[in-house]
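The values are calculated or read from the model by the stated rules, or taken from the named source; none is laboratory data. Since the structure is predicted, the reported quantities are computational estimates derived from the model, not experimental observations. Accessible surface areas use protein heavy atoms only, side chains included; no ligands, DNA or RNA. Shrake-Rupley method; radii C 1.70, N 1.55, O 1.52, S 1.80 Å.
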Amino acid sequence: MSGLDRENAFVLALRKAVKGSGKSHTQLVRRLNRLAEKDGVKLAAGRAKELSVESFGKWLDPHAINMPPVKALPYLAEATGSIEMLRVLMEPLGIELITAIEAAEMGKLETRRQLDRAKDDVSQLANRIRAIEARVKNDESVGSNCHITVTGDQGRTDYTGH
């Protein structure tokens, strides 16, 4: 992806985030200015004290040369509730951005996978125990007092066959 294509993709993602936020440009600009001011950051260019709705509109114009400054990116993400514009910038670098909610869902998915693997392990051990118990029962040379110990991830389990 060329630099210009990446810029266009960024602006389109930003426009989509703005639209998806359900807020007007005026509301978003107020929010951006409040967030930046809280951190001591100035989003406006030149002598202006705050970002204007007009300047914000230029950030959303795919044909304009005015791109948001890097320092505005976290505020744009927070104000719109979207990280899509950041994903567009990071994707060509092989970096995948995810939200905390997405990370939590991935953690839950991994936990479920671990639980499924543990259940499979237990099932395999149970099958192995049944097979050994059947051999013990059918093998007269073992005698009547057989002791089997199975040690696994869940600790140690003793079985005594008769």
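With an 8 Å cut-off on Cα pairs and a minimum separation of 6 or more residues, tell me the relative contact order of the range 1-73 in percent. Kindly include the intermediate steps, with their values, before the conclusion.
Working: 46 pairs, mean separation 22.2, N = 73.
Once divided by the residue count of the range 1-73, the mean separation gives 30 percent.
Could you work out what % of the accessible surface of the range 51-122 is carbon and sulfur, using a 1.4 angstrom probe and leaving DNA, RNA and ligands out of the count?
So the carbon and sulfur contribution to the accessible surface is 60 percent.
For the range 24-94, restrict the atom set to alpha-carbon positions and state the Rg and Dmax in Å.
12.2, 38
What accessible area per residue comes out for the range 26-140, rounded to a whole number of Å², with a 1.4 Å probe? Don't skip to the answer; put the middle values down first.
Details: 8200 Å² over 115 residues.
On a per-residue basis, 71 Å².
Let me see the P(r) profile for the range 59-125: every Cα-Cα distance counted, bins of 5 Å, each bin given as a percent of all pairs.
3, 13, 14, 18, 13, 9, 8, 7, 6, 4, 3, 2, 1, 0
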